[in-house]
1. List the residues whose amide H sits under 5 Å from the amide H of Asn162, counting only those 5 or more places along or on another chain, with H placed 1.01 Å from N in the peptide plane.
2. Under the 0.36 nm per residue contour assumption, what length would be gained going from the current alpha-carbon distance of Arg210 and Glu95 to full extension?
3. Between Met150 and His184, how high is the FRET efficiency from 1/(1 + (r/R0)^6) when r is the Cβ-Cβ distance and R₀ = 22 Å? Nearest 0.05.
4. Tell me the label-point distance for the pair Asn314, Thr295, using the 7 Å Cα-to-Cβ offset, in nm and rounded to one decimal.
5. Note the full-extension length gain between Ser200 and Glu142 as 0.36 nm times their separation in residues minus their Cα-Cα distance, in nm to one decimal.
6. Hey, what's the per residue convex hull volume over the C-alpha atoms of segment 112-159, in cubic angstrom?
7. Please work out how much length the chain gains when fully extended from Cys111 to Glu59, using 0.36 nm per residue of separation minus the C-alpha to C-alpha distance, in nm with one decimal.
8. Taking segment 82-134 on its own, what percent of its Cα-Cα pair distances exceed 17 Å?
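Bear in mind that the values in this text are calculations on the coordinates, not laboratory data. The structure presented is a predicted model; accordingly, all values stated were derived computationally and were not measured. All Cβ positions, glycine included, derive from the backbone under ideal geometry; neighbour counts span all protein chains shown.
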Amino acid sequence: SNVSISKFSKQLRVLLLFKNILKEMKICYISTLNHDFYSFLNSELKRETSPQEEGQGEELYRRPLRCLDMVAVDGQFTFTADRPQLSCAAFLLAEPDQVIEVEYDSVDIDCRGGDFITVFDGWVMKGEKFPSSQDHPLPLHERYVNYCSMGSLRTTVRSNQNVAMVFFRVHNAGSSFTLTLRKHVNPFPCNVMSQTPEGSYTMVIPQQHRNCSFSIVYPVAIDISEFSLGRFNNVPKRSMPGCADSGDLVQLLGGNSLDTMKLVPITDVCVSFTGPTHMKVACDNTVVRMVSSGTFVNRVSFSYRMLDRHELQNIKLNNVEDFCFNN
């Protein structure tokens, strides 16, 4: 159907974007996972048929889970080992206003023999984590949930944002497990990994003391259209000194790292100032990050689009934002 083709085309576009940006990255988990993400995106995943749309009375979408996989749809996924598989991972991705629930339907692995299935609340690439430890509500050790230590009464794990991962290791051929993935609406999304090369978004923190990031994993032109921080409600311009002392601010970060704490600050927004509202950031990762004291309802709206090849070349030749090319 046209709807299925459109949905598959969107997934393919996302995967191709990840291929272009993350071609030099490798996924790692405790130094054991060492697959090349570029090769992964050249795999048969791109040829997968899109599942039926929800609400059409069709049965639950099912397919095998690969040792290295990306899943962006609800459904039931079964992994069956035909040989020892010691370094496997599945990247899970939902819409910005959704969280992901992972349910164990059936598991036949040897926990005592060193097998494991671990859900990570976020993504890990090359040892870097999204969301960063400073932006996630849970301490790092609580973000790893191992099936073998969960206990029989707990069968589900839910993420705090629109991305999660499943790491797994099995030593014996014939070992298997089945996971059901469901997405749920998140009324106040905090940390988001963008799915698309262009779009608009409004981030709201409702009187909570926390930091929230919106990550765009490609070079973009970005416009911050409006923001409301505490009692200030201004059209954003380039920052003046003093934002670092403010308990409520918006940061624009850029760089070639997944972790926001390793990115370079481009500008801060906190009070009235002068300067351009439109910026081009030629980085692999561009992040809009809101720091909130919890005293106010804070809000920022922005739009973005991916830079074309000509724009990237001009930025490089003009030595603008060159830290993105050199990192």
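1. HN-HN under 5 Å from Asn162: Met193.
2. Values: separation 115, 0.36 × 115 = 41.40 nm, distance 2.13 nm.
Full extension of this stretch gives 39.3 nm more.
3. Details: r = 20 Å, r/R0 = 0.90.
So the FRET efficiency works out to roughly 0.65.
4. It works out to 4.2 nm between the two label points.
5. Values: separation 58, 0.36 × 58 = 20.88 nm, distance 3.19 nm.
Separation in residues times 0.36 nm, less the Cα-Cα distance, equals 17.7 nm.
6. Details: hull volume 4.3 nm³, N = 48.
Convex hull volume per residue, Cα atoms: 91 Å³.
7. Values: separation 52, 0.36 × 52 = 18.72 nm, distance 3.17 nm.
Gain on stretching Cys111 to Glu59: 15.6 nm.
8. Values: 737 of 1378 pairs.
The calculated P(r) of segment 82-134 puts 53 percent of pairs beyond 17 Å.
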